[in-house]
Structures are given as C-alpha cells and as structure tokens.
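Have a look at the structure below before the remarks.
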Amino acid sequence: MLYSVSIITNKYIKRDIQMLQNLKMRHAELTDAKDLYQWRTDPVSVSESLNHQVFTFKSHVSWLKKTLKDPDRSLLIFIDSNGHSVGTGRADKQGSHYLLSWTVAPDVRQQGIGAYIVKMLVKRYHPSKALILESNKASIYIATKAGLNEIKRIDGIVQLESR
C-alpha cells in the first residue's frame with residue numbers, strides 16, 4: 001500500500017514540476033483587453049473580488065492603458081503549454097511590499113493553475129502580500145500554497161504576506 005501512495009505522490013510532484021516549467025508569463029498588452037475584461041467581469045470573479053464594481057469595456061480599456069504605463073504596477077498574462085492565456089496576475093508596488101492580485105480564466109479554474117500563477121508572482125515580486133475576502137476560500141488556499149502566510153483578518157478581509 002505504501003508503494004502505491006509513493007507512485008501517486010510522485011505522479012503529482014511530476015505534474016507540479018511540469019506545470020511550473022510549462023507555464024509562461026509575459027507583460028500584458030492592449031490586445032489582452034478582451035480576455036482581461038471577460039475574466040474580471042465573470043460572476044465568480046466579481047463576487048470574490050474586493051471591488052464588486054461592474055464596469056464597461058470602454059472604462060476597462062481606459063484603465064488598462066493607464067495600468068500599462070504605470071511604473072509601479074506590473075500586469076502579467078500567464079500562458080499554458082498550448083499557448084492559451086489561462087490567467088493574469090498583478091503586482092502593485094506599495095512601499096516595501098508588492099500587493100498581488102490574480103484571476104484564473106473561468107474555463108481553467110480548479111486545475112491548480114492559480115497556485116502556479118501566485119507562486120510565480122511571489123518569486124518575482126518579493127516581499128509580497130495579498131488581501132483576500134474571507135469568503136474566498138479558493139484564493140486563500142492558493143495564496144498559502146504559494147508561500148504566503150496569514151497575518152491578520154479584519155472586517156472580512158484576510159491579509160497574507162511572504163516571509
């Protein structure tokens with residue numbers, strides 16, 4: 001029995017290594033506006049976001065243009081081994097930390113991609129922190145799996161930071 005557990009564990013370790021090796025990131029471009037808008041306005045994304053505001057595509061494009069020029073903000077697109085965009089991550093420089101946020105494309109959620117996105121963000125932007133709604137159990141799990149530690153909970157928001 002122990003042998004089969006070892007095989008299963010090795011299978012998942014290999015999958016994790018493969019996923020990390022195959023997931024690529026690049027800086028967002030204006031041509032990503034449609035994907036970013038669809039991901040951000042997805043009902044699950046809206047409900048799990050700190051900002052529940054619904055906005056128009058036009059205002060989103062204005063925000064994206066401003067974001068792409070902001071030297072204290074990095075907006076990244078994550079690409080799988082098939083060349084498909086699978087999510088986005090953002091790092092905002094705030095004093096000595098980077099505030100991270102991310103969205104996984106709705107069609108690839110619950111496949112472990114979010115954890116890899118956040119692992120890559122934490123590795124690149126250090127020290128980092130995240131603010132997550134207490135009700136967003138999936139993102140809290142992803143953040144802790146990626147190496148962020150819960151610091152405190154205030155008014156329904158969980159603050160996590162890297163060591």
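The values are calculated or read from the model by the stated rules, or taken from the named source; none is laboratory data. None of the values given here were measured: they were computed from a predicted structure. Positions of Cβ are generated from backbone atoms using ideal geometry, with glycine treated the same way; all protein chains shown enter the neighbour counts.
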*Of all the residues that make up segment 10-49, how many are within 24 Å of residue 81 (Cβ to Cβ), at pLDDT 80 or above and among the basic types (Lys, Arg)?*
3
*Could you list, in sequence order, all residues of segment 61-100 that are of a type outside the set (A, V, I, L, M, F, W, C), crowded, with 18+ Cβ neighbours inside 10 Å and either at pLDDT 95 or above or on the phi > 0 side of the Ramachandran plot (or both)?*
74, 87, 88, 89, 90, 98
_Contact list please: Cβ distance under 7 Å, first residue in segment 58-79 and free of Cβ contacts under 8 Å to residues at least 12 places away in the same chain and hydrophobic (A, V, I, L, M, F, W, C), second residue outside any helix (DSSP H, G or I) and buried (at least 16 other Cβ atoms within 10 Å of the Cβ), pairs at least six apart or on different chains._
none
_I want to confirm something. Restricting to segment 30-79 and keeping residues that are touching a strand residue (DSSP E or B) at 6+ places or on another chain (Cβ under 7 Å) and aromatic (Phe, Trp, Tyr), which single residue is nearest to residue 91 (Cα to Cα)?_
78
*Among the residues of segment 43-60, which ones are exposed (fewer than 15 other Cβ atoms within 10 Å of the Cβ) and closer than 18 Å to residue 107 by Cβ?*
43, 44, 46, 47
*Inside segment 134-157, can you point out the residues that are modelled with pLDDT under 95, of a type in the set (A, V, I, L, M) and assigned to a loop (DSSP other than H, G, I, E, B)?*
146
*Name every residue in segment 135-163 that is charged (D, E, K, R), farther than 22 Å from residue 106 by Cβ and out of contact with any Asp or Glu (no Cβ under 8 Å at 6 or more places or on another chain), in order of residue number.*
150, 152, 155, 161, 163
_Residue ID - surrounded by the fewest Cβ atoms within 10 Å (Cβ to Cβ), chosen from residues in segment 105-123 that are in contact with a Ser or Thr (Cβ under 9 Å, 6 or more places away or on another chain) and in contact (Cβ under 8 Å) with a residue 40 or more places away in the chain_ = 106
*asked:* So residue 133 ticks every box in (1) of a type in the set (A, V, I, L, M, F, W, C); (2) more than 13 Å from the chain's Cα centre (by Cα); (3) under 17 Å from residue 38 (Cβ atoms) but one. Which box is left unticked?
replied: (3)
_With the requirement that a residue be more than 19 Å from residue 50 (Cβ to Cβ) and of a type in the set (Asp, Glu), what does segment 70-117 give you?_
80, 107
_Just the residues that are within 18 Å of the chain's Cα centre (by Cα), not charged (D, E, K, R) and not in a strand (DSSP E or B), please, taken from segment 61-80._
64, 67, 68
